[in-house]
């Protein structure tokens, strides 16, 4: 029994190591910095961070950058597709802009960076996933009070101008 177990381990262990090595090699040739992104945004606001994509391969490759997750329409990625020569780096601007009606809460997304060799007939490539955490914060009370005060002053000014205009119209 022990002999069978040791034979099984001799076979299973190298196969497992090869599989693990193969899966880590799939992302070989792509580098990103930072390894995760965080945004704190008020509803209706926007925030931008930079993701640096590095072609660590020894040849030119095409890259695609996109977002996975609900509400991916909040994101603008510039540029979303580009080519990099060997060892070249590209700065990609990631902008998040949730709508004004978004309630204050946390959201998690994934930015996918995929490298596709130009000679790939099947358009198959390797990729890296960058976790993104977005905090939607509440509008500060001062901002709401400022809007109410501004609207009140504007309304009083308009009413005052209407009263003056009517008085001038009566005397004319």
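Key figures
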quantity: Residues being in a loop (DSSP other than H, G, I, E, B) and closer than 15 Å to residue 39 by Cβ - total across the range 69-94; calculated: 2
quantity: Residues of the range 127-172 classified as at pLDDT 85 or above and within 28 Å of the chain's Cα centre (by Cα), total; calculated: 11
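The values are calculated or read from the model by the stated rules, or taken from the named source; none is laboratory data. The structure presented is a predicted model; accordingly, all values stated were derived computationally and were not measured. Neighbour counts are summed over all protein chains in view; Cβ atoms, including those assigned to glycine, are modelled from backbone coordinates with ideal geometry.
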